[in-house]
Structures are given as structure tokens and as C-alpha cells.
Amino acid sequence: MEKKSKRNRIIVGVVIFCLLYILFAFRPMSTELHLVPDWTESINTLTYDVDPSLTSELIPFRLGQNIGYFTEDGKIYTRIPYAFKAAISESYYATFGADSEECDFFTPRGEKAGTIRKAGFPFFSGDRIYDFLPGGSSFVSCAQDGSVRWTYESYAPIIAFDSSDGGTVAGLADGTVVSFTEDGREDQKFAPGGSDIPVILGVGISEDGQTVACVSGQNQQRFVIATKSDSMHSKIIFHEYLPKDMNSQVLVEFNKSSTAVYYNYNGGLGIVDLKRLKSSHVKLDGQIVQIEESDFNGMLCVLSKKDGSYTVTLIEPSDHPAAQFSFTADCAFIQVKGNALYVGRDSKISRMTMQRK
């Protein structure tokens, strides 16, 4: 009788265990990400019937020695060939030569917006305008007409640079990181150290300008995040040594909400959650060329290059690669808008719609 009672208890226990396992292990089946092709257009096919008032819908591109703008429905609005250098953003574009003493820049519609009356290399970040002066150790911040707002001069070459609505940051060859307020006041200056050879290969600044991040050094290369403290003092809140050195410039970018920062290391993409100060890593081959944050399900779109091959990787907020495809090209770019992914390859641009099914 006792054996039968014991056996019944075991059976009941097994049944309860199975029910609990099914209950806690159950997950709703996740939908899969699909990329639906919409159109492909050659940048040599110019369309002149685009409403000129729709400047907000013009998307910039750079392919080889061509820059320009296109619309969401695949009309190539502008293609500007250039011989030496060019700069382009959603707000402005410019082409310039090696010996240019000044540079005119234009809106996406082709209207002249202003003139930078200094020799150097213009750079546009959204509607922010900069000019990197000859010698590589100085730059100016320009007003919307191209006039000088403020100037930064250093003895060490500027290796890395980034800007946001909240400020500007530069990484120098001597291992120093300097950040600036919107009006040009230095508000952070520090040397991360921790490596045998001090050099800053990549920097990023958050949208509010409070936090900066960098890839620093050679031999014991590491990734460092610092926040403003007081009176130009910086507080390092996160760092990690990287498994293998990079010896070229790398991307460091904060997301739009300043809750995460992404960086390229030798082997893939690093992601740091700024709320938990925890890092995760996505394995990717080659050099990361672009990181674009999509409004569609928080998807992160990454373009990387290895030899003559480009790879587009779509990463979910859980740091899980949801889709990936590769192609061979001499040049490429990606852009995102809503649930659309735009991919440029040599002389063609394609649009794909991201869908969950």
C-alpha cells in the first residue's frame, strides 16, 4: 500500500513538473522578418518632375564620384559628379577641389545656401556645418550661411569626429578626447589611457551632449564611455578591453534616445546598454561602414565591408541578427526611413520594405 501511494506521489509530481515546464517554456511564435523588394533605379536616370517643395522627402546618396538626392518612390532628383571631394547630408551638399580657398554649399533643391570662406574640407552633419582646416589639427564650426561661429586649434591631428544636437566631440592622435558645447565651449577633455600607444580611432557623442564614447589606443585597445562631471571633469562609467586591435578609424555612434552606443571592433559590432552599463557583441566580418537606426521595430541596420564584398545586417533590439545579405560592389551605402531600407550599389539604388510575417 505504501509503495502504491509513493508511486502515485511520483506520478503526480511528474505531471506537475511537466505542466510547469510547459507553462514557463511556452513562448508565442515570433514572426519572421521579410525584406520585400519595391524598386531599383539607376542614378543616371534623372527625374525632373519632383515637386521642389518636398525637400524633407529627399534622401542623400554617395556612390563612387557621385552625390545626390532621391525620393522615397525611386525618383533620382539630383546627381552631382565630382572630381576630388564632396560632402553631403540631408540638409546640404558641396563639392570642392584640393586647393579651394572657399566653398559654396547648396540645399538639396540646388539652391545656394552659403559660402565657407576658408580653405579646408567641409563636413555636414544634418544641418550642422564644419570645415576641417589644412594640416588636420583644427576645425571651425560654421553658421547656416557659412560664416565662422567658433574655431578649435590643436597641435595633434584630429583622427575621429562626431556631432549631435547636444555638442561636438573630437578624438586626437595623442590620445585626447575633447568635447564642445553648441557654442564652442570645451566641456570635457580627458585621455582614456590604458594602452601602450595613445590614439583615438573613433568617437561619438550622445544627442544631449552629456556622454561621449571612444575606441582608444593600440596594444590593449579598449572602448570607453565617459559622462560630464563638473568643470570639465569627466567620469568614466564603462570600459572594456577589446580582443584584437583595429589599426584604422572606426565608427562609434549613440542611438537617437541616448540609451545605447554602438562601436566597431576587430570582429564585429559592440553594443552597450547605457541604462544597465552592460555590453553585448554581434559577430561581423570586415569594417563597419555605416550604422543606421530604423523606426521599424527598433531595427538596427549595419553595412560592413570586407575586401570587395559588402554585407547588410539587420539587428533586433535584443541584439539578435534578424536578416543578412551580401553583394559585391565597388561602393555602397544604406539609408533607412520608416520601414524602408534603401541600399545603394555602384550606380543603382534599391528600396526594400521591412515586414513581419
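The values are calculated or read from the model by the stated rules, or taken from the named source; none is laboratory data. Quantities reported herein were computed from a predicted structural model and do not represent experimental measurements. Counting neighbours? That spans all protein chains shown, and the Cβs are built from the backbone with ideal geometry, glycine included. When the accessible area is computed, the model is the full protein with side chains, heavy atoms only, and any ligands, DNA or RNA have been set aside. Shrake-Rupley method; radii C 1.70, N 1.55, O 1.52, S 1.80 Å.
General remarks:
- The condition (being on the phi > 0 side of the Ramachandran plot and loosely packed, with under 13 Cβ neighbours inside 10 Å) is satisfied by just one residue among Asp307, Asp330, Asp346, Asp319: Asp307.
- Taking the listed residues Asp187, Asp104, the one that is more than 21 Å from Ile67 (Cα to Cα), free of Cβ contacts under 8 Å to residues at least 60 places away in the same chain and either open to solvent by 10 Å² or more (accessible area, probe 1.4 Å) or part of a loop (DSSP other than H, G, I, E, B) (or both) is Asp187, with no other qualifying.
- Yes/no for Arg356 being open to solvent by 50 Å² or more (accessible area, probe 1.4 Å), over 22 Å from Val261 (Cβ atoms) and in contact (Cβ under 8 Å) with a residue 40 or more places away in the chain: yes
- Scanning region 204-259 for residues that are in contact (Cβ under 8 Å) with a residue 40 or more places away in the chain, farther than 21 Å from Leu300 by Cβ and basic (Lys, Arg) returns a single hit, Lys228.
- Some residue of region 300-323 being in contact with a strand residue (DSSP E or B) (Cβ under 9 Å, 6 or more places away or on another chain), among the polar types (S, T, N, Q), farther than 29 Å from Val224 by Cα and outside any strand (DSSP E or B): no
- From the list Ile200, Ile237, the lone residue that is more than 23 Å from Glu292 (Cβ to Cβ) and under 18 Å from the mean Cα position of the chain (by Cα) is Ile200.
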